[in-house]
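To start, the structure under review is shown below, and the notes come after it.
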Amino acid sequence: MATSETSTHDAEADERNERLLLYVNGRIVPKAEAVVSVYDAGFMLGDGVWEGLRLHDGRWAFLGEHLDRLFEAAKAIDLEIGMTRAQLVEALDATAEANGMRENVHARLMVTRGKKAKPFQDPRLSKEGPTVVIIMEWSKPSAATFQRGIHLFTVPIFRGLPVTQDPKLNSHSKLNCILAGIHAQKAGADEALMLDPHGFVNTTNSCNFFIVRRGEVWTSTGDYCMNGITRKKVIELCRTQGIPVFERNFSLVETYDAEEAFITGTFGAQTPVSMIDGRPIGDGGPGPVTRRIRDLYMRLVRAAVA
């Protein structure tokens with residue numbers, strides 16, 4: 001079966017992205033010159049952590065929480081970022097200013113252990129570092145993808161246990177999620193629906209996952225998924241706005257019978273899911289609860305950057 005061409009990270013085409021300026025270790029350089037060494041620990045081993053951020057009206061949405069998560073992840077892998085929070089904010093703002101960016105902008109802030117002396121695993125071989133890179137693009141989520149919704153396929157690759165690689169960690173090493181995505185795409189879907197080690201519905205290969213059943217919003221317990229900031233905001237919004245919301249275990253049987261489903265992430269905010277394992281969800285488009293939550297979330301973003 002042919003693979004799908006749709007993704008939750010689909011963006012409207014923008015020719016300005018051909019002329020980007022990117023941040024690499026204290027320098028803002030043209031896109032073609034934004035390179036790191038082949039000895040870099042991130043390239044060689046996926047040894048690093050990252051954050052995705054959105055720029056709204058010249059301000060970074062939920063910046064403090066993103067930086068909290070970045071520094072927590074760096075501490076977890078014993079990585080010294082080498083920059084303060086203020087210096088990282090300055091780098092983000094300087095890169096946005098250099099590109100003339102204020103709205104519909106997505107940034108990927110990446111920190112790796114740096115350049116290694118030899119091409120081996122030992123972290124002590126990272127003698128030069130860390131490496132800090134910011135990729136910043138004009139990136140408006142695709143309206144067509146929102147209306148069509150995402151098609152998911154349940155894969156046999158599950159989210160791992162904390163004793164192997166904690167799924168809450170926003171690390172550069174994403175091979176299990178990449179393989180899950182490949183599995184789903186080979187089946188003709190857009191992305192993978194991943195289960196937890198106990199067989200309960202958990203997350204997609206790139207975003208957090210929610211369903212709507214009988215007017216209630218359900219998401220996983222959070223034990224085996226990325227601790228998504230957008231996920232947390234959706235749960236908080238539901239609680240403050242009187243929408244019943246539950247973090248719980250639920251099965252594929254319950255998922256197939258949902259009236260709505262959607263995924264959450266920094267890039268797309270809330271993206272509807274219109275099909276899972278060949279079974280239509282709802283009427284094939286964004287449902288009323290999904291639309292309401294998206295509207296509430298965008299109001300929250302505007303308030304946060306005001």
Problem - Residue in the range 6-25 that is nearest to residue 263 (Cα to Cα), counting only those that are exposed (fewer than 15 other Cβ atoms within 10 Å of the Cβ) and among the charged types (D, E, K, R) - result: 12
Practice task
Tell me, yes or no, whether the range 11-32 has at least one residue that is closer than 30 Å to residue 76 by Cβ and acidic (Asp, Glu).
Solution key: no
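Quick grid of which residues meet (1) assigned by TED's automatic domain parsing to the domain that holds residue 40; (2) charged (D, E, K, R); (3) farther than 30 Å from residue 285 by Cα:
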residue	(1), (2), (3)
104	yes, no, no
107	yes, no, no
111	yes, no, yes
128	yes, yes, yes
133	yes, no, yes
149	no, no, no
158	no, no, no
Exercise for the section: Please determine, by comparing only the residues of the range 131-156 that are assigned to a loop (DSSP other than H, G, I, E, B) and crowded, with 18+ Cβ neighbours inside 10 Å, which one is farthest from the chain's Cα centre (by Cα). Expected result: 155
Exercise for the section: Return the residue satisfying two criteria in turn: it lies in the range 202-227 and is among the β-branched types (Val, Ile, Thr) and in a strand (DSSP E or B), and of such residues it is surrounded by the most Cβ atoms within 10 Å (Cβ to Cβ). Expected result: 203
Exercise for the section: Please indicate, with yes or no, whether at least one residue in the range 240-260 is over 17 Å from residue 149 (Cα atoms) and modelled with pLDDT under 95. Expected result: no
Exercise for the section: Looking only at the range 183-201, count how many residues are of a type in the set (A, V, I, L, M, F, W, C), out of contact with any Phe, Trp or Tyr (no Cβ under 6 Å at 6 or more places or on another chain) and surrounded by fewer than 24 Cβ atoms within 10 Å (Cβ to Cβ). Expected result: 1
Problem - Matching strands (runs of 3 or more DSSP E) fully within the range 228-303 where at least 2 residues are surrounded by 16 or more Cβ atoms within 10 Å (Cβ to Cβ) and among the small types (Gly, Ala, Ser) - result: 260-265, 269-276
Practice task
Starting from residues that are out of contact with any helix residue (DSSP H, G or I) (no Cβ under 9 Å at 6 or more places or on another chain) and of a type in the set (D, E, K, R), keep the ones in the range 1-26 and report whichever is modelled with the highest pLDDT.
Solution key: 15
Fill in the blank from the handout: Pairing a residue in the range 171-197 that is free of Cβ contacts under 8 Å to residues at least 24 places away in the same chain with any residue that is surrounded by fewer than 18 Cβ atoms within 10 Å (Cβ to Cβ), where Cβ atoms lie under 7 Å and the two sit 6 or more apart in sequence or on different chains, gives 176/160
Handout entry: Selection status of residue 56, surrounded by 15 or more Cβ atoms within 10 Å (Cβ to Cβ) and touching a Gly at 6+ places or on another chain (Cβ under 7 Å)
Key = no
Handout entry: Lone qualifier among 160, 199, 188, 181 - being in a helix (DSSP H, G or I) and of a type outside the set (Phe, Trp, Tyr)
Key = 181
Fill in the blank from the handout: Given the conditions (1) surrounded by 14 or more Cβ atoms within 10 Å (Cβ to Cβ); (2) under 18 Å from the mean Cα position of the chain (by Cα); (3) not charged (D, E, K, R), every one holds for residue 45 apart from (2)
Practice task
Please work out if residue 182 is over 18 Å from residue 273 (Cβ atoms), in the same structural domain as residue 78 (by TED's automatic domain parsing) and of a type in the set (A, V, I, L, M, F, W, C).
Solution key: no
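The values are calculated or read from the model by the stated rules, or taken from the named source; none is laboratory data. For clarity, every value in this text was computed on a predicted model and none was experimentally measured. Cβ sites come from the backbone with ideal geometry, for glycine too, and all protein chains shown count toward neighbours.
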